[in-house]
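In what follows, a single structure is set out as structure tokens and then discussed.
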Amino acid sequence: MREARVRTMDGGRPRASAFFVERGRFVAVGEAGEAEAAARGAEARGAAVRVFDAGGRTITPGLIDAHVHAGLAADRSLELSLRGTRTRAEALALVARAHAALPAGEWLVGSGQRAVEWDEPADRAALDRVAPGRAVYLAGYDAHGAWVSSSALARAGVTRATPDPPGGTIGRDPTGEPDGRLQEGAMTLVRAVVPPADRARRDRALATFLRGAAGRGVTAIHDFEEPATWSRLLALRDAGELAVRVWFGFMLGGLTGEQGGLADLPAPGTIAAVEDERVRAFALKGVLDGALGSRTAHLLEPYAGGTDRGLCTLDAAGVSAQADEARRRGYSLALHAIGDAASRAALDHFASWPRAERERLRPRVEHAQLVDPTDLPRFAALGVVVSMQPQHAVADRPLARALWGERDERGGFAWAQLLATGAVLAFGSDAPVEALDPRAGLHAAVTGGDPEAHARGDRPARAISLDAAFAAYTTGAAFAARSENEVGRIAPGLRADFVAWDDDPWAVPVERLPALTVFATYVGGSAVV
Ligand SMILES: [Zn+2]
């Protein structure tokens, strides 16, 4: 590759104009003469060399999204989407239309509503009115709550006599009848009886979803899923259908409703036998609390104007059991923690690991949306990776202000403060909660989660440089998966995962970052887009 403006993200040589790739890896990175010399050497060994002219385009390492639920996102692409609806009436209109188009007796499954922002309750009575007799299951935008109809509750056998499951709440009316609102672990009660979509259709949707990510500059994801998705990914890899690398983390409970436990994990030998560069299992994920929007994030002090402090979905003994399993298998442990109490619990737990073990396995906290100021320096001090999603800060801004009050300013979405303490940041999208689109994440990060204020000329306290944001999507995310010597930089010896951008991300006005277009994305030296 020549005639390129290469941003290598490699401290030793941050800029280059040409590189040479052989057998899927960079072997020379520098100026045209250095790449040509390497190419001549390869030709002398009998290799066929091709020359690409980047036409002055900017080339960066491929972006790594450090927090994705790809299987869930793909499944949702096959279901009714309520994303973007602003009121209950808007959501119900879409439900009514979908109901009219479905044969009698079939489940109506969908997701994406932001019921927490509505004036009216997301209860079963509303669904029963627009879709009479229909079993309806609608997962909320953050996947921490669901809205279901009377028929759905009946098919699942959920009645007033059903107790709340561990780590979940069945919403009830004043008489004690389930009202159609399910939180966290209670979602599973209904989700478990919804028949899954056709496997081949789901697999096609998964491959399409990953190819779409490559079109936005992504070359690898950290994918947190229930154990069943692992074998589907392996099958896609064998069929040559995986456009990007997938570093896999086994979810232990939560999110999808298909709750997995330690008992569901494949045996360690099975995993080791199938590790390769395209698919690799690297982590277990435990869930310490809920989410901001459903007021289930676990807080040290009550939500603004209330007395509740959210949910602790995994106690210290539960965390220790998961950590023992992760360490036994040589996996990282990723702990979902959104509230400041959950972040503290995660840090307290990781502090109990020997330092060498933390250095080896790279434990991480997922989200860290609210961190008590006294805990901010502990991530760097302990060597715990902070896996954050800048797009959340934009979408959840009004909610964070309303529910956390002034805590939001001190430790909400505190990636800038965390960077200042020396913590390693890994950025991601949490797709399908937000779009798997690092361009939107870069924009959110450099505008401090407040694009409007930034456009007015303010510099929000959370704003960070584009270099720092790119680092969180490349070197930081690679480090978090113990892949920093494989990907994340354009440097000799690393795998040739890179993106050629039509416009220079460093030269366009900040507001145009979300609209950057990708000229080509390469994974292991091969163009995938
Ligand atoms: Zn997630």
Filtering the range 55-81 down to residues that are within 15 Å of the ligand (Cβ to nearest atom) and among the acidic types (D, E), which residue is nearest to L425 (Cα to Cα)? D65
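Of all residues in the range 136-187 being among the hydroxyl-bearing types (S, T, Y) and closer than 20 Å to A337 by Cα, which is nearest to the ligand (Cβ to nearest atom)?
Narrowing the range 136-187 to residues among the hydroxyl-bearing types (S, T, Y): 137, 141, 149-151, 159, 162, 169, 175.
Going one step further and asking which of them are closer than 20 Å to A337 by Cα, we end up with 141, 169.
On the way: Y141: 12, T169: 20 Å.
Going through the qualifying residues, I end up with Y141.
For (1) in a helix (DSSP H, G or I); (2) surrounded by fewer than 24 Cβ atoms within 10 Å (Cβ to Cβ), each residue gets a yes or a no:
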site: R401; (1), (2): yes, yes
site: E409; (1), (2): yes, yes
site: A426; (1), (2): no, no
site: R439; (1), (2): yes, yes
site: I464; (1), (2): no, yes
site: F470; (1), (2): yes, yes
site: A478; (1), (2): yes, no
site: G493; (1), (2): no, yes
site: V508; (1), (2): no, yes
Single residue of the range 200-248 satisfying the filter (open to solvent by less than 20 Å² (accessible area, probe 1.4 Å) and of a type in the set (S, T, Y)) that is modelled with the highest pLDDT: T219
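Can you tell me which residue is farthest from R482 (Cα to Cα) among those in the range 352-384 that are among the acidic types (D, E) and open to solvent by less than 30 Å² (accessible area, probe 1.4 Å)? Give the steps one after another, and end with the answer.
The initial filter retains those residues of the range 352-384 that are among the acidic types (D, E), namely 357, 359, 366, 372, 375.
Next, from what is left, pick out any that are open to solvent by less than 30 Å² (accessible area, probe 1.4 Å): 366, 375.
On the way: E366: 16, D375: 24 Å.
That would be D375.
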Selection from the range 228-248 of residues that are away from the ligand (no atom under 16 Å from the Cβ) and of a type outside the set (D, E, K, R): A228, W230, S231, L233, L234, A235, L236, A239, G240, L242, A243, V244
Name the residues in the range 391-439 that are touching a residue at least 60 places away in the same chain (Cβ under 8 Å), within 24 Å of E117 (Cα to Cα), aliphatic (A, V, I, L, M) and within 16 Å of the ligand (Cβ to nearest atom), would you? A393, A431, V433, L436
Of all residues in the range 441-462, count the ones that are in contact (Cβ under 8 Å) with a residue 12 or more places away in the chain, part of a loop (DSSP other than H, G, I, E, B) and either under 21 Å from D502 (Cα atoms) or among the charged types (D, E, K, R) (or both). 2
List the strands (runs of 3 or more DSSP E) that sit entirely inside the range 108-178 and contain at least 2 residues that are within 18 Å of V193 (Cβ to Cβ), aliphatic (A, V, I, L, M) and in contact (Cβ under 8 Å) with a residue 12 or more places away in the chain. 108-113, 136-140, 145-148
Considering each of R129, R155, R124 in turn, give the residue that is open to solvent by 10 Å² or more (accessible area, probe 1.4 Å) and touching a strand residue (DSSP E or B) at 6+ places or on another chain (Cβ under 7 Å). R124
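Only residues that are closer than 14 Å to A337 by Cα and assigned to a loop (DSSP other than H, G, I, E, B): list them for the range 353-376, please.
Initial filter on the range 353-376 (closer than 14 Å to A337 by Cα): 363-372, 375-376.
Those that are closer than 14 Å to A337 by Cα and assigned to a loop (DSSP other than H, G, I, E, B): P363, A368, Q369, V371, D372.
The values are calculated or read from the model by the stated rules, or taken from the named source; none is laboratory data. The structure displayed is predicted, hence computed values, not measured ones. Backbone-built Cβ (ideal geometry, glycine too); neighbour counts: all protein chains shown. Only protein heavy atoms, including side chains, enter the accessible area calculation; ligands, DNA and RNA are left aside. Shrake-Rupley method; radii C 1.70, N 1.55, O 1.52, S 1.80 Å.
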